[in-house]
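Structure record follows, encoded as structure tokens.
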Amino acid sequence: HGYSCLFAFDETNSLEENAKNMTEAIKHVKAGEVTFAVRDTEIKGVKIHNQDFMGILNDEIIVSTPERTDAVKHLLEKSIDEETQIITFFYGLGVEEDEVEMLVEYAQSLNEEAEITVINGQQDIYSYIISIE
């Protein structure tokens, strides 16, 4: 969400106008994260097993699966549409570049027109943080 807000900021605008534009920009961003489960549970009908990878879209767990790439693909399928213009992947510690490249290609296949950026975020808990705009 932060990048969208930064792009909406214009130093020539008033504080009120910037706040309005930045708030509007956030409404069009989908935030996805992939992390691993630390226990068995069930949340809103999604069965989660210890050490599964969970795909979280806008703060809601939408998938839990043993394979990290499957969780990311599911997340991308649910969030990328024909309106998507920008996709930003922040990948975390322990994620290999080959895996990232494969997932970027997959995202591009879901929307060939989208601009995709990849950043080595080196975050610890989340294998991926993905911004879809």
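Below are the figures for this structure:
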{"read-out": "Odd one out for Phe7 among (1) at pLDDT below 70; (2) of a type in the set (Phe, Trp, Tyr); (3) surrounded by 14 or more Cβ atoms within 10 Å (Cβ to Cβ)", "value": "(3)"}
{"read-out": "Filter result for the condition that a residue is assigned to a loop (DSSP other than H, G, I, E, B), open to solvent by 80 Å² or more (accessible area, probe 1.4 Å) and farther than 17 Å from Thr35 by Cα, over Glu112, Glu101, Glu105", "value": "Glu112"}
{"read-out": "Pairs with Cβ under 8 Å, 6+ apart, first in the range 97-118 and without any contact (Cβ under 8 Å) to a residue 60 or more places away in the chain, second assigned to a loop (DSSP other than H, G, I, E, B) and surrounded by fewer than 14 Cβ atoms within 10 Å (Cβ to Cβ)", "value": "Asn111/Asp81; Asn111/Glu82; Glu113/Gln85; Ala114/Gln85; Glu115/Gln85"}
{"read-out": "The range 32-45, subset charged (D, E, K, R) and outside any loop (DSSP other than H, G, I, E, B), residue surrounded by the fewest Cβ atoms within 10 Å (Cβ to Cβ)", "value": "Glu42"}
{"read-out": "Qualifying residue in the range 12-26 (condition: modelled with pLDDT of 65 or more, part of a loop (DSSP other than H, G, I, E, B), under 24 Å from Gln122 (Cβ atoms) and more than 19 Å from the chain's Cα centre (by Cα))", "value": "no"}
{"read-out": "Any chance Glu96 is of a type in the set (Asp, Glu), open to solvent by 20 Å² or more (accessible area, probe 1.4 Å) and more than 17 Å from Phe36 (Cβ to Cβ)", "value": "no"}
{"read-out": "Members of the range 59-71 found to be in contact with a strand residue (DSSP E or B) (Cβ under 8 Å, 6 or more places away or on another chain) and at pLDDT 95 or above, listed by number", "value": "Ile61, Ile62, Val63, Ser64, Thr65, Pro66, Glu67, Arg68, Asp70, Ala71"}
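Yes/no per residue for (1) free of Cβ contacts under 8 Å to residues at least 12 places away in the same chain; (2) assigned to a strand (DSSP E or B); (3) surrounded by fewer than 12 Cβ atoms within 10 Å (Cβ to Cβ); (4) in contact with a strand residue (DSSP E or B) (Cβ under 8 Å, 6 or more places away or on another chain):
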residue: Lys47; (1), (2), (3), (4): no, yes, yes, yes
residue: Asn50; (1), (2), (3), (4): no, no, yes, no
residue: Lys73; (1), (2), (3), (4): no, no, no, no
residue: Glu77; (1), (2), (3), (4): no, no, no, no
residue: Thr84; (1), (2), (3), (4): no, no, no, yes
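The values are calculated or read from the model by the stated rules, or taken from the named source; none is laboratory data. Everything numeric in this text was worked out from a predicted model, so none of it was measured. All Cβ positions, glycine included, derive from the backbone under ideal geometry; neighbour counts span all protein chains shown. To get the accessible areas, we keep the full protein, side chains included, count just its heavy atoms, and leave off ligands, DNA and RNA. Shrake-Rupley method; radii C 1.70, N 1.55, O 1.52, S 1.80 Å.
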